[in-house]
1. For the range 1-85, list the strands (runs of 3 or more DSSP E) that sit wholly inside it and hold at least 2 residues that are modelled with pLDDT under 80; which are they?
2. Residues in the range 98-145 that are open to solvent by 60 Å² or more (accessible area, probe 1.4 Å) and at pLDDT 90 or above: how many?
3. Applying the selection to the range 5-28, what residues are acidic (Asp, Glu) and in contact (Cβ under 8 Å) with a residue 40 or more places away in the chain?
Amino acid sequence: MAETPEPIVVVGLQSGHVAAVVDVAAQMARRSNASLVCVTIDPSSLSDGTPSDGSGMIEAIDPDAGGSIPQGLSEADVAAVQDLAARSHVEVEHLTRVGDPARVLASVAEERHAEVIVVGTRTGRHRVADFYNGSVAARLTHQQHRPVLVVPTDPVGFDDP
């Protein structure tokens, strides 16, 4: 008989918008005895493939942007994730990836056989870009087969400007 993999909740994280998303994801993980796989994605770089030695080849989209080290979460955000996971008594793993956030989250969820993908909403000037380009959450709901839970990180009321 095949062994059933441990339940996984994949969480897409954006620096500065961690607490609300991880809090909801950790509560969900605790209820289903799952662990969290927190994924931070640097969209300013792309993966150029994996050579035979297993190392990743990363290229910046803008060649003038500097190094090819993907930007992950700040130390404060990592500490917040660890604290929220510990309070909910769930295990957490951190991954930093590059590329298109919706594709990367779907790929990690597929690799890990995730139960659900949890993402936050974007705020401020990104709302206009999301309207024209489609949000990560909207793209995930239309382009892969797992459930997607969208957590408001900075909700604005219907009557607010």
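1. Once the strands (runs of 3 or more DSSP E) in the range 1-85 are filtered for at least 2 residues that are modelled with pLDDT under 80, what remains is 45-47, 58-60.
2. The number of residues fulfilling the criteria is 7.
3. Within the range 5-28, just Asp23 meets the criteria.
The values are calculated or read from the model by the stated rules, or taken from the named source; none is laboratory data. If you're wondering where the values come from, they're calculated on a predicted model, not measured in any experiment. Here Cβ is always computed from backbone atoms with ideal geometry, including for glycine, and neighbour counts include all displayed protein chains. Accessible surface is based on the protein model in full, side chains and every heavy atom, while ligands, DNA and RNA are left aside. Shrake-Rupley method; radii C 1.70, N 1.55, O 1.52, S 1.80 Å.
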